[in-house]
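The structure appears right after this line, and notes come after that.
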Amino acid sequence: MICKIILCVVLSLIALVFIAFGYLSILRGEILVERKSRLVHIIDKTEAIFQRYDLYYQSGVLSLEQAQKQALQRLSLLDGNYIFVFDDDYTLLASLGGVDDSNPNVKMLQDTNGDFTYQTIHEQAKQLTEGTFVSYCFPLFIGGKTVRKISYSKRFPTWGWTYGAGVYIDDIDSSISHTLISFDELVV
């Protein structure tokens, strides 16, 4: 009789653990989908800015240089989001929420896995006109801990620009881990 009770308790705990893992897996997926959706929204707004300023150029209101410069400046006002822009020569035109006046070349920039991040983003954005998600590992800050990041990017072929926005996703797994630890403490 005691063995049957212990067996029922053990099987119930195992079932509870599987349910918890299933729930956390679904939760992680939903959070990731929400973040990806937000990135798409940011990049759609960016595309609208580029299109508007290209119209100013096409109609003769602004020169190409003025239109491009004003479009990049407008990005810094876009909901405080980090948007990067680089041209077909891999010259960084905007990053960290503003126009990048230093204009470094990012072609050979590698993530911590040795992948050429900007080359991957550029090539995929050229192939997929509707935009592309790219995952890579990047430090939170210069010299900081490397964490996983996902970016959504598109091309503005009229100007030869690739642009995107990204989010770090390590906090999703951290949050899930804390939830799992809390669940573990509750059960034990």
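The values are calculated or read from the model by the stated rules, or taken from the named source; none is laboratory data. Just so it is clear, the model here is predicted, and its values are computed rather than measured. Quick reminder, even Gly has a Cβ in these numbers, built from the backbone with ideal geometry, and neighbours come from all protein chains shown. Heads up: the accessible areas ignore ligands, DNA and RNA and are worked out on the full protein's heavy atoms, side chains in. Shrake-Rupley method; radii C 1.70, N 1.55, O 1.52, S 1.80 Å.
Could you check, for the range 151-163, whether at least one of its residues is modelled with pLDDT of 85 or more, in contact with a strand residue (DSSP E or B) (Cβ under 8 Å, 6 or more places away or on another chain), charged (D, E, K, R) and open to solvent by less than 50 Å² (accessible area, probe 1.4 Å)?
As a first pass, look at the range 151-163 and keep what is modelled with pLDDT of 85 or more: 151-163.
Then drop every residue that is not in contact with a strand residue (DSSP E or B) (Cβ under 8 Å, 6 or more places away or on another chain), which leaves 151-156, 159-163.
With the extra rule that they be charged (D, E, K, R), the set shrinks to 154-155.
Those still in the list that are open to solvent by less than 50 Å² (accessible area, probe 1.4 Å) too: 154-155.
Among the residues of the range 151-163, at least one is modelled with pLDDT of 85 or more, in contact with a strand residue (DSSP E or B) (Cβ under 8 Å, 6 or more places away or on another chain), charged (D, E, K, R) and open to solvent by less than 50 Å² (accessible area, probe 1.4 Å), which makes the answer yes.
Can you tell me which residues in the range 1-58 are in contact with a helix residue (DSSP H, G or I) (Cβ under 6 Å, 6 or more places away or on another chain), open to solvent by less than 70 Å² (accessible area, probe 1.4 Å) and modelled with pLDDT of 85 or more?
Matches in the range 1-58: Ile49, Phe50, Tyr53.
For the condition within 17 Å of Asp44 (Cα to Cα), charged (D, E, K, R) and modelled with pLDDT of 90 or more, what is the one hit in Lys126, Lys107? Reasoning before the result, please.
Values: Lys107 fails: within 17 Å of Asp44 (Cα to Cα).
The conditions single out Lys126.
Collect the residues in the range 114-145 that are of a type in the set (A, V, I, L, M, F, W, C) and either part of a strand (DSSP E or B) or buried (at least 21 other Cβ atoms within 10 Å of the Cβ) (or both), keeping them in residue-number order.
Residues satisfying the conditions are Phe116, Ile121, Ala125, Phe133, Val134, Cys137, Phe138.
Among residues belonging to the range 115-148 that are of a type in the set (D, E, K, R) and under 20 Å from Arg38 (Cα atoms), point out the one that is farthest from the chain's Cα centre (by Cα).
Looking at the filtered set, the residue picked out is Glu130.
Consider Arg148 carefully, then state whether it is part of a strand (DSSP E or B), surrounded by 14 or more Cβ atoms within 10 Å (Cβ to Cβ) and either in contact with an Asp or Glu (Cβ under 7 Å, 6 or more places away or on another chain) or among the aliphatic types (A, V, I, L, M) (or both). Spell out how you get there, then give the answer.
Numbers: part of a strand (DSSP E or B): yes; surrounded by 14 or more Cβ atoms within 10 Å (Cβ to Cβ): yes; either in contact with an Asp or Glu (Cβ under 7 Å, 6 or more places away or on another chain) or among the aliphatic types (A, V, I, L, M) (or both): yes.
Yes: the conditions hold for Arg148.
Residues in the range 59-89 that are in a loop (DSSP other than H, G, I, E, B) and open to solvent by 20 Å² or more (accessible area, probe 1.4 Å): how many?
In the first step, residues of the range 59-89 are kept if they are in a loop (DSSP other than H, G, I, E, B); the result is 59-63, 76-82, 88-89.
Subset that is open to solvent by 20 Å² or more (accessible area, probe 1.4 Å): 59-63, 76-77, 79-82, 88-89.
Total meeting the criteria: 13.
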